[in-house]
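To start, the structure itself, in structure tokens.
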Amino acid sequence: APPTGETRIVIYHVNDLHSKIDRFSKIAWHVLQEKKNNPNAHVFFMNAGDNFSGNPVVDRYNPPGEPVRLLLNKMGTDVMAMGNHDFDPGPTFVKSFIDTAQYPIIAANIKVKSADIPQFKPYVILNTSKTPGNDKSNIKIAVLGLIQVEESGTPSTHPKNIQGIEFTEPVKTAENFCSLRKDNDVFIYLSHMDYDT
């Protein structure tokens with residue numbers, strides 16, 4: 001239990017799932033145990049992308065990737081950042097995935113120009129209170145989404161999957177959002193990039 005006057009925040013984070021659905025039940029169990037054993041804690045489940053490409057059962061499903069989409073909704077995901085392989089099933093599925101996700105999908109360095117998918121929000125503000133405006137003990141957590149960009153100027157996926165989408169350099173893009181650190185209690189980069197970047 002947190003000491004008096006402190007707030008316990010627990011963040012579970014996954015990335016590069018690559019359609020490996022066999023461990024979802026274990027992840028869900030850990031998250032549920034944390035909520036059960038620490039009822040006063042604020043538990044968040046975050047996903048940094050690359051949910052698809054890796055399991056033939058999932059990737060050849062109709063539509064491709066659908067089992068992962070359903071599981072992420074059931075997991076109670078709080079926020080997800082796009083990964084390069086999330087574009088692999090093609091723009092039609094990406095649009096469906098975004099439209100049916102029960103959580104925000106963020107990416108500050110993706111600009112949708114003419115593709116038939118919604119524009120991603122750059123960030124989301126999570127709150128520890130259900131009524132943040134009325135709760136002075138509320139802690140605001142800013143989560144900024146970023147996707148990796150190769151030297152080609154695009155993420156690593158088939159070019160046809162990202163037609164009509166523009167990508168900006170992630171680190172320079174992130175610098176435009178430094179004010180999030182001043183305006184919130186916690187600032188998190190939920191990024192699909194390598195450690196060095």
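Show the residues, 5+ positions off or on another chain, whose built amide H is closer than 5 Å to the amide H of residue 14.
Here the answer is 46, 47, 48, since their amide H atoms fall under 5 Å of that of residue 14.
Determine ³J(HN,Hα), in whole Hz, for all residues of segment 147-164 in sequence, where each value follows from phi through the Karplus function 6.51 cos²θ - 1.76 cosθ + 1.60 and θ = phi - 60°; x replaces Gly and Pro.
Once θ is set to phi - 60°, the couplings for segment 147-164 become 10, 5, 10, 7, 4, 5, x, 9, x, 7, 7, 5, x, 5, 6, 10, 5, x Hz.
In whole Hz and in residue order, list the ³J(HN,Hα) couplings for segment 80-92 that follow from phi through the Karplus curve 6.51 cos²θ - 1.76 cosθ + 1.60, θ = phi - 60°; x for Gly and Pro.
In residue order, the calculated couplings are 9, 9, 5, x, 4, 7, 6, 8, 4, x, x, x, 5 Hz.
Across segment 25-41, in residue order, what do the Karplus-derived ³J(HN,Hα) couplings come to in whole Hz, using 6.51 cos²θ - 1.76 cosθ + 1.60 with θ = phi - 60° and x for Gly and Pro?
5, 5, 4, 4, 4, 4, 5, 5, 5, 4, 5, 6, 7, 10, x, 8, 7
Using a 10 Å cut-off on Cβ atoms, rank the peptides 127-138, 8-19 from the highest mean neighbour count down.
Output ranking for 127-138, 8-19: 8-19, 127-138.
If you take every residue apart from residue 57 with its C-beta less than 12 Å away from the C-beta of residue 57, what net charge results, scoring Lys and Arg +1 and Asp and Glu -1?
For residues surrounding residue 57, the net value is -1.
Determine the calculated [θ] at 222 nm for the chain from helices alone, applying -39500 (n - 2.57) to every DSSP H run no shorter than 4 residues and normalising by the residue count; nearest 500 deg cm²/dmol.
Value at 222 nm, helices only: -6500 deg cm²/dmol.
Between segment 58-78 and segment 98-157, how many Å separate their Cα centres?
Here the answer is 19 Å between Cα centres.
Pairs 160/182; 20/121; 111/140; 20/172; 74/182; 36/182: which exceed 30 Å Cα-Cα? Working shown, then result.
On the way: 160/182 39 Å; 20/121 27 Å; 111/140 26 Å; 20/172 32 Å; 74/182 33 Å; 36/182 33 Å.
Where the Cα-Cα span goes over 30 Å, the pairs concerned are 160/182; 20/172; 74/182; 36/182.
A short reminder: the numbers here are calculations on the coordinates, not readings from a lab. Just so it is clear, the structure is predicted and the values come from calculations on it, not from any experiment. So basically every Cβ, Gly included, is an ideal-geometry build from the backbone, and we count neighbours across all protein chains shown.
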